[in-house]
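Quick notes on the structure that follows.
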Amino acid sequence: MELRELGRTGLKVSALCLGTMTWGEQNSEAEGHAQMDYAFGEGINFFDTAELYPIAPRAATYGRTEEIIGTWLAARKCRDKIILATKVTGRSVMDWQRKDGSKCRLSRDQIFEAIEGSLRRLRTDYVDLYQLHWPDRPMRLFGGLEYEPHEGDAISFEETLGALGDLVKQGKVRHIGLSNETPWGVMTCLHLARTGGLPRVHSIQNAYNLLNRSYEIGLSEITAREQVSLLAYSPLGQGFLTGKYMHGALPAGSRKAVFEGRLRRYETPGAAAAIEKYVALARERGLDPGQMAIQFVTTRPFVTSNIFGATTMDQLKNVMASTKLDMSDDLLEQINAIHLVHSNPCP
């Protein structure tokens, strides 16, 4: 497994990162442990989670994914060999994550409360990468290319980064990162790090896949010039790029079957046509469509680690096999030809 540097941290993370958001909902603790055992054995040293997980978020399961990781770390005693990333919930109407019933914000007090909960559940004294799951400022999230301003106040970057900086000084967090952020948000954080003595962000975790290459438009230059690593999530477009949902198919036990309504990001006008083109291309070349989609993301020069999730061991093994796929120049040309006609239908 190839190892790549995370931002300017000096940490080396695996090119594939094990995502965990199904553990505690679609997957049991035993299944989560089995996935970690297998992934670690195959050279994956990077696990990503969040206080919010599992998905779909609800009070009854809040924090359960971190607990599953924590029991694995305690049993395997390999904390020093794992790069562990988690996230604090951004601005949200959810009111079950904080002890006083407050809605989630990226305030100093809430960040301090959140990290203590994560450390307790993860059974560790520190996390290697602590990420803001999404911004505090009111804005359009999880879909759309254009900027749409929304009314409302926002916790200042200075307060949020200041709190994270104190956690770094205390040794509870080694490095910090962003998620679901814009070019303006990333550059604002970098500016404050340069001018205000605040901690530097080393990564951004945004969606990136064949159906959503919007990261290339502005953020990819930041990645190159500022050494802020992209941790790409949803490389399979929530499973759509495997072809399993084509023509109305609804496999039993799939995320779409279990959580109808949560996959609409990949059911936009034009999405089905693009999916059919990519799946057909893979099959014409004798490739597994999911492996082609995964390896496309893994091999982009601005991707540091490709975060994937699996609900079955067969899915996990199929993802691992993607590393053997040759992303040749002529295959990339065919992929880009489809992209020119079906550009970013699912931003």
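A cut-off of 5 Å between modelled amide H atoms, ignoring neighbours fewer than 5 places along the same chain, links Leu11 with Leu6.
The loop-placed trypsin sites (Lys or Arg not before Pro) in region 32-96, going by DSSP, that have at most 16 neighbouring Cβ atoms within 10 Å of their Cβ come out as Arg58, Lys77. Taking the DSSP beta bridges with both ends in region 3-205, the antiparallel portion is around 20 percent. If you take every DSSP beta bridge whose two residues both sit in the chain, what share of them, in percent to the nearest 5, is antiparallel? Of the beta bridges lying entirely in the chain, close to 15 percent run antiparallel.
Distant-in-sequence amide contacts of Cys17, defined by a placed amide H-H separation under 5 Å and a gap of 5 or more residues or a different chain, comprise Asn306, Ile307, Phe308.
Under 5 Å between amide hydrogens, built in the peptide plane, is the criterion, and for Thr124 it picks out nothing among residues at least 5 positions away or on other chains.
DSSP assigns beta bridges within region 138-279; of those with both partners inside it, close to 25 percent run antiparallel.
Dipole of the chain computed with +1 at Lys/Arg Cβ and -1 at Asp/Glu Cβ about the Cα centre; of Ile111, Gly70, Gly253, farthest Cα towards the positive end is Gly70. Kindly provide the helix-only [θ] at 222 nm of the chain, computed as the sum of -39,500 (n - 2.57) over DSSP H runs of four or more divided by all residues, to the nearest 500 deg cm²/dmol? Value at 222 nm, helices only: -11000 deg cm²/dmol.
The distance from the alpha carbon centre of region 57-102 to that of region 194-269 is 21 Å, rounded to a whole number.
Rounded to the nearest 20 debye, the dipole size of the chain about its Cα centre is 460 debye, using +1 on the Cβ of Lys and Arg and -1 on the Cβ of Asp and Glu. Local charge for Leu167 was computed over the other residues whose Cβ lies under 11 Å away, with Lys and Arg +1 and Asp and Glu -1, and equals +2.
Cross-link pairs exceeding 32 Å between alpha carbons, from the set Lys99/Lys317; Lys103/Lys277; Lys256/Lys317: Lys99/Lys317; Lys103/Lys277.
Ranking Thr312, Gly290, Gly243 by Cα position along the charge dipole of the chain, where only Lys, Arg, Asp and Glu carry charges on their C-beta atoms, puts Thr312 farthest toward the positive end.
Each value in this text was obtained by applying a stated rule to the coordinates, not by laboratory testing. These figures come from a predicted structure and were not determined experimentally. Ideal geometry is used to build each Cβ from the backbone, glycine not excepted, and the neighbour counts take in all protein chains shown.
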